[in-house]
Amino acid sequence: MIDVQRHSGYGRFGFTILGSGSKGNATVIHAPDGDFLLDAGFSAKELERRMILRDIDPDGIQAMVVTHDHTDHVCGCRVFGNRHGIPVYLTAETCLLMGRNNELPEERIVIEPGTRFELCGLTVEPFSVSHDVEGTVAYTFRSGEDKLGYATDLGSFGLLVTSRLKDCHAIVLESNYDIRALRASARPENVKRRIMSRHGHLSNENALECLEQVISPQTRNLVLAHLSRECNDPDLVAEGLRRKLESLNRPDVCWDVACQDTPLDTIWLKSEDDFFAGFGK
Ligand SMILES: [Zn+2]
Ligand SMILES: [Zn+2]
């Protein structure tokens, strides 16, 4: 039986990465007033299976928020959205592209990069990132003082990205490829160039450079995500992050590397326990 109680109400705020990588991305955001999906890059059936694995009730999902129109982020969107009668939040460009590809559920809500909106008790801010499809965004989610930043699928990071991620308590950031593994791979040269370009993906080195700029005294949790299966190695990514945190003298930061096949445990920025503890003060 699903422990729905654990995932409802009371000012809670957390996230569960159901899976991340070049073959599919989806995260459940546990907001004060309900759960919603950030990207739906697995089939509806697989999304539901992974939710149940982590005690999340698929019928409790209130909405979907998507980053961009690539299959590994939206392939379950139409079926999951229609099955559960929930809307998808997406940029105008993503809406157009998903419409052409028959990927849209019935209910859509168009959002604009830089314009905040409220969802399930969180303030959500989409911001533009450089990727090889129009309308790609990353997000921050805020509940009171607590803030989560989520940026995958970006070929470069500038001031906009670092300023959005800087004051986050939890950060999920892409660490897509190891440059040596990508160069040595059998991929066509034009594909390699696209991935390495400013409109492609962040390499492991890029991700660590970005983290160095955004880690602040507030940072409590880091997750590196969207690893390429063929051109990366989770152990290498973990070792790089461990060394970076050591060099920054931040052994207090909890970190993990998201994987393609298994959901991570839920990371809470604020749990029900924190809320009830507040009553005793
Ligand atoms: Zn992707
Ligand atoms: Zn993409």
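The values are calculated or read from the model by the stated rules, or taken from the named source; none is laboratory data. Keep in mind that what you see is a predicted model, and the values were worked out from it rather than measured. Glycine also receives a Cβ, built like all others from the backbone with ideal geometry; neighbour counts cover every protein chain displayed.
Determine whether Asn190 is without any contact (Cβ under 8 Å) to a residue 40 or more places away in the chain and either of a type in the set (S, T, N, Q) or within 15 Å of ligand 1 (Cβ to nearest atom) (or both). Against the criterion (without any contact (Cβ under 8 Å) to a residue 40 or more places away in the chain and either of a type in the set (S, T, N, Q) or within 15 Å of ligand 1 (Cβ to nearest atom) (or both)), Asn190 qualifies. Among the residues of segment 54-75, the ones that are in contact (Cβ under 8 Å) with a residue 60 or more places away in the chain and away from ligand 1 (no atom under 16 Å from the Cβ) come to 1 in all. For segment 111-126, a tally of residues being within 16 Å of ligand 2 (Cβ to nearest atom) and either among the hydrophobic types (A, V, I, L, M, F, W, C) or over 17 Å from the mean Cα position of the chain (by Cα) (or both) returns 0.
Matching residues to (1) within 24 Å of Asp39 (Cβ to Cβ); (2) within 14 Å of the chain's Cα centre (by Cα):
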site: Lys166; (1), (2): yes, no
site: Ala184; (1), (2): no, no
site: Leu208; (1), (2): yes, no
site: Ser216; (1), (2): no, no
site: His226; (1), (2): yes, yes
site: Arg229; (1), (2): yes, no
site: Ala238; (1), (2): yes, no
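Entry remark, segment 129-148: residues being within 16 Å of ligand 2 (Cβ to nearest atom) and surrounded by fewer than 20 Cβ atoms within 10 Å (Cβ to Cβ) number 4 in total. The set of residues in segment 57-91 being within 15 Å of ligand 2 (Cβ to nearest atom), under 11 Å from Pro105 (Cβ atoms) and either surrounded by fewer than 20 Cβ atoms within 10 Å (Cβ to Cβ) or of a type outside the set (A, V, I, L, M) (or both) consists of Cys77 alone. Anything in segment 225-241 that is within 16 Å of Leu202 (Cβ to Cβ), in a helix (DSSP H, G or I) and out of contact with any strand residue (DSSP E or B) (no Cβ under 7 Å at 6 or more places or on another chain)? List them, or say none. Within segment 225-241, Leu236, Gly240 qualify. Within segment 261-281, residues that are under 30 Å from Pro234 (Cα atoms) have Cβ atoms under 6 Å from residues that are part of a helix (DSSP H, G or I) and at pLDDT 95 or above in these pairs: Pro263/Arg50; Pro263/Leu53, counting only partners at least 6 apart in sequence or on another chain.
Residue-level check: of (1) modelled with pLDDT of 95 or more; (2) surrounded by fewer than 21 Cβ atoms within 10 Å (Cβ to Cβ), Glu174 misses just (2). Restricting segment 153-178 to residues that are in a strand (DSSP E or B) and within 15 Å of ligand 1 (Cβ to nearest atom) leaves a set whose member that is nearest to Glu230 (Cα to Cα) is Tyr177.
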